[in-house]
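Participant: Once you've had a glance at the structure underneath, I'll fire off some questions.
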Amino acid sequence: MATDDAGAAAPAADPAAAVDSAAAVRSAAEAEFDTLTGRLGIDVPADLKGGVLAGYQGLRDMAALLRSVETDHRGRPGGRDDRTGNDEERPGA
Amino acid sequence: MPDMPSARQATALHELSVPEAGALLRSGELTSVELTRHALDRIARLDPALHAFILVTERTALERAEAADRDLRAGTDRGPMHGIPYALKDIFDAEGVPTTNASWLRTGDVARTDSTVERRLRAGGAVGLGKLTTFEFAVGGPSFDLPVPPARNPWSEEHVPSGSSSGSGAAVAAGLTRVTIGSDTSGSTRGPAFHCGAVGLKPTYGRVSGHGAQTLSRTLDHFGPLTWTVADAAAALQVIAGADPADPRTAGAPLDDWTAALGRGVAGLRVATSPGWYADDPLTMPEITTGIERALGVLGGHGASVEEVTLPPYDVFNACGRVVFAAEAFAVHQDDLRRHPRSFGRYTYQRVMPGAGIAAADYLRAMDVRRWLKRQLDETVFDRHDVLVTVCGQTTAARWSDFPENWPPPKLANDMQTIPFSVTGHPALSLPIGFAADGLPIGLQIVGRAHDEATVFRVAEVLEAELGERHRRPQGIDIDHTGGNS
């Protein structure tokens, strides 16, 4: 497969605590996702929701990882970009 | 002394490379009609079991082949793909032909104009055979709930061909056509090339226009050839590349003569390698690690220097690509997700819908990290090296049984390390380098500087000659697979 959006959970020292913690994270992610999709007027069919939430939880973890990466773009004043042109559209440029 | 057989006599027509077939077409020893009929015959015989094609345009293919022959007889040579059959992943428009995206949502959509890729191939005298199976909208998965069955891996009925350009991989490996054009957003050309034992090129971002092709992720989508050999890929890229006013993403970088770049060898090239991403990962098959080491030895033997580099963590590249991909794919499909959720395949819905939850700040953060990663890759690798040779897939093709009812499948079935170069936009080529102990193809990935596909092709050609096993085709596909096994 050419794609990978599964977020693999790390093994925990205390399995029971890990189950509780994972359930809490899942519940928070589900509530958050329901709010967001409700705002967009989207009802996720119940039988599809498990796969959707698994993907959403993975994305949450990845977004958190990206927020933690130290890059020299942090603190750019006033949202001003150091790029010229639209290289967001041209990452290979 | 008896006459030596010509290349035409000694080789089955589907085993002629694009340059070899082109030479015979130009010398008059072969006609495009013969070449096209051979391809159509193989499709008719083998595709009922492979499901690589969604649509075969037999009549127009033969008309275009006749026109190609007439042109050559009249002295008009339209370039390296003149008279050569090819097929398009069914996300590209071709005038008068349905573009289904393998989706119930697009059934019956007939293209009114050509995509730029199709227009260039048509103008280049190439012969379109039809449309190839894809994962739905180039994203879903190997699904059985779509209007068309999933393509099969010609090397094994038990294994998937990967995706999303699944029909492209299957068609090329089975010798139905030498050249297909696919799309690659996070690895969708390189993945099926890897798992089907073919060559898959993701050119530099913007090299090939996406005008008239289904968008999946506007800043990650790349379009390029999936072929049997490196020379085939160079010929196809020569025709489809170039700036396009209809697609503002296309770069104004000058086009190289990629077919002329072949044969120049690798002496003096500086090759970087990055085993830190895969060598100690238990998911990586030992044959792949040793295959890459063998390839580096080949390059060293041909006069290249090889140096190990340390790249930024793979997980950061992956997270960056996944967040951008999710947000952009959701933006493309949000109306249908809201109005017609049941019209998507199950996997497609479950893969695209999570993007609804990406905050604008997280998307923009991912784009900042993306620029940083590109700079890191340039400074770590391309300021001092000409190419990076690294892993493509970590295991051979996944089994059908690895895929559960709901997305995602286990990590075993998600083994590609292709997304970093989708994130950075550098050209990356998936090259076959032999077979694992399970009999399935393995390969590696060659990454070049932005707009330097020529050097990628040079490295790939040398490795292909020593490791590529281009003489070896899937066994047993030449028998009549009536009925398939879906």
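Participant: So which of B:Ser143, B:Ser162 ends up being over 30 Å from B:Arg70 (Cα atoms), surrounded by fewer than 24 Cβ atoms within 10 Å (Cβ to Cβ) and touching a Gly at 6+ places or on another chain (Cβ under 7 Å)?
Facilitator: On inspection, the qualifying residue turns out to be B:Ser143.
Participant: Now, a different point. With the requirement that a residue be over 24 Å from the mean Cα position of the chain (by Cα) and either crowded, with 21+ Cβ neighbours inside 10 Å or under 30 Å from B:Ala356 (Cβ atoms) (or both), what does the range B:285-315 give you?
Facilitator: B:Ala304, B:Pro312, B:Pro313 - these are the residues of the range B:285-315 that are over 24 Å from the mean Cα position of the chain (by Cα) and either crowded, with 21+ Cβ neighbours inside 10 Å or under 30 Å from B:Ala356 (Cβ atoms) (or both).
Participant: What residue, of B:Ser422, B:Ser430, is within 11 Å of another protein chain (Cβ to nearest Cβ), within 21 Å of B:Leu311 (Cβ to Cβ), within 24 Å of the chain's Cα centre (by Cα) and part of a strand (DSSP E or B)?
Facilitator: B:Ser430
Participant: Kindly indicate which of B:Arg338, B:Arg322 is of a type outside the set (Ser, Thr, Tyr) and surrounded by fewer than 19 Cβ atoms within 10 Å (Cβ to Cβ).
Facilitator: B:Arg338
Participant: Hey, any hits in the range B:141-152 for a residue that's within 24 Å of B:Ala235 (Cα to Cα), touching a residue at least 24 places away in the same chain (Cβ under 8 Å) and not hydrophobic (A, V, I, L, M, F, W, C)?
Facilitator: no
Participant: Please find, among B:Glu328, B:Glu307, the residue that is in contact with a strand residue (DSSP E or B) (Cβ under 7 Å, 6 or more places away or on another chain), among the acidic types (Asp, Glu) and touching a residue at least 12 places away in the same chain (Cβ under 8 Å).
Facilitator: Testing whether each residue is in contact with a strand residue (DSSP E or B) (Cβ under 7 Å, 6 or more places away or on another chain), among the acidic types (Asp, Glu) and touching a residue at least 12 places away in the same chain (Cβ under 8 Å) leaves just B:Glu307.
Participant: Looking at B:Val352, is it buried (at least 21 other Cβ atoms within 10 Å of the Cβ), under 25 Å from the mean Cα position of the chain (by Cα), of a type in the set (A, V, I, L, M, F, W, C) and more than 28 Å from B:Leu431 (Cβ to Cβ)?
Facilitator: Yes, satisfied.
Participant: Is it the case that B:Gly210 is among the small types (Gly, Ala, Ser), within 12 Å of another protein chain (Cβ to nearest Cβ), under 17 Å from B:Leu88 (Cβ atoms) and assigned to a strand (DSSP E or B)?
Facilitator: No, not satisfied.
Participant: Among B:Ala361, B:Ala397, B:Ala356, which is the only one that is closer than 21 Å to B:Gly197 by Cα and of a type in the set (A, V, I, L, M, F, W, C)?
Facilitator: Selected residue: B:Ala397, the only one of B:Ala361, B:Ala397, B:Ala356 that is closer than 21 Å to B:Gly197 by Cα and of a type in the set (A, V, I, L, M, F, W, C).
Participant: Another one. When you scan the range B:255-295, how many residues do you find that are of a type in the set (Val, Ile, Thr), over 27 Å from B:Lys411 (Cα atoms) and at pLDDT 95 or above?
Facilitator: 2
Participant: Any residue at all in the range B:254-267 that is crowded, with 18+ Cβ neighbours inside 10 Å, in contact (Cβ under 8 Å) with a residue 24 or more places away in the chain and either in contact with a Ser or Thr (Cβ under 8 Å, 6 or more places away or on another chain) or within 14 Å of another protein chain (Cβ to nearest Cβ) (or both)?
Facilitator: no
Participant: Have a look at B:Ala437, B:Ala460, B:Ala450 and point out the one that is touching a residue at least 60 places away in the same chain (Cβ under 8 Å), part of a loop (DSSP other than H, G, I, E, B) and either of a type in the set (Asp, Glu) or away from chain A (no Cβ under 14 Å) (or both).
Facilitator: Of the residues listed, the single one that is touching a residue at least 60 places away in the same chain (Cβ under 8 Å), part of a loop (DSSP other than H, G, I, E, B) and either of a type in the set (Asp, Glu) or away from chain A (no Cβ under 14 Å) (or both) is B:Ala437.
Participant: Ok, one more. Has the range B:54-63 got any residue that is of a type in the set (Gly, Ala, Ser), buried (at least 20 other Cβ atoms within 10 Å of the Cβ) and on the phi > 0 side of the Ramachandran plot?
Facilitator: no
Participant: If I ask for residues that are farther than 19 Å from B:Asp362 by Cα and facing chain B (nearest Cβ under 7 Å), which ones from the range A:46-67 would you list?
Facilitator: A:Leu48, A:Gly50, A:Gly51
The values are calculated or read from the model by the stated rules, or taken from the named source; none is laboratory data. Since this is a predicted model, take the numbers as computed values, not measurements. We place every Cβ from the backbone using ideal geometry, glycine too, and count neighbours over all the protein chains shown.
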